[in-house]
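Asks: One structure is given below, represented as structure tokens, and several questions about it will come after.
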Amino acid sequence: MNETKKINKNKILAALLFVVIGFVLLQIPVNNLAGTGAKLTFFDMFYPVSGAFIGTGVGVVAVVAMQIFNLVFHGFAGVSTASLLVLLATVRLLPMIAGVVAFSKDSKKVLIIPAVAILAFLATPTGLQAWYFSLLWLIPFAAWPFRKKFLLARSLQTTFVSHSVGGAIWIWAFPTTAAFWTMLIPIVLLERSIFTLGMSASYILMNNLLTIIPIKNLATIDKKYLLKKLSFK
């Protein structure tokens, strides 16, 4: 019983650690989403890796907490309640949850997410006109066979799974044109390439930083990506 309580306490501590780091990273902008007022931050390169260290469920809770604290801190700036879909699009919780799941889960069921996103995108008149945009969401399928061997493939798959959810919600929430989605293609490719590199770097960084925290079983460490043995465990 005491060991169980200790593990649960460590999970809470780990979740709080990720919430604090995530909240700080949320304040550092990288770019604005084209055609919107939403800002992409270093948080977008960090949040998906949380589930790999503290478990998918706890990671999802931590990410939701990070975003809620951030929205409250900024007075819900950029969030619109014009409709449920607009709210989902501007709060951005679903793409974040999808990102955590995609990075931490090895089940092929994860690929259901981009598959459904493609169908949702094509189910709109604009999506049918800009059908080629949804081909970007086939990238997770192409990267999947390599995710266990290459961290970059894991990150690439994850960032496009997250993007597919956001894109599918966005096309239903806001009036857009085929030209808008065409214009986004090079932007998305550059942005997601940066996020792939940033996510991989975040994973390696956290994997090593967590080894210097003298608390046993605080998080799951991937020995493959330890740069040097600093562990106190």
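Bear in mind that the values in this text are calculations on the coordinates, not laboratory data. Just so it is clear, the structure is predicted and the values come from calculations on it, not from any experiment. Counting neighbours? That spans all protein chains shown, and the Cβs are built from the backbone with ideal geometry, glycine included.
Asks: Is the shape of region 82-163 best called rounded, prolate or oblate, per the rule: a/c under 1.5 gives rounded, else a/b larger than b/c gives prolate, else oblate, with a ≥ b ≥ c the square roots of the Cα gyration tensor eigenvalues?
Replies: oblate
Asks: For labels at Ile28 and Leu197 in the simple 7 Å Cα→Cβ model, what's the distance in nm?
Replies: Taking the simple label geometry, Ile28 and Leu197 are separated by 1.5 nm.
Asks: Turning to a different aspect of this structure: Between Leu87 and Leu205, what length comes free when the chain is fully extended (0.36 nm per residue of separation minus the Cα-Cα distance, one decimal in nm)?
Replies: Details: separation 118, 0.36 × 118 = 42.48 nm, distance 3.31 nm.
Between Leu87 and Leu205, full extension yields an extra 39.2 nm.
Asks: Let me ask you something else. Given only helices, namely DSSP H runs of n ≥ 4 each adding -39500 (n - 2.57), what is the per-residue ellipticity at 222 nm of the chain, to the nearest 500 deg cm²/dmol?
Replies: About -20500 deg cm²/dmol.
Asks: Separate question: Given a Förster radius of 35 Å and the C-beta distance between Lys224 and Leu138 as r, what FRET efficiency does 1/(1 + (r/R0)^6) yield to the nearest 0.05?
Replies: With a Förster radius of 35 Å, E is 0.80.
Asks: Rounded if a/c is under 1.5, else prolate if a/b beats b/c, else oblate: with a ≥ b ≥ c from the C-alpha gyration tensor eigenvalues square-rooted, which is region 41-124?
Replies: oblate
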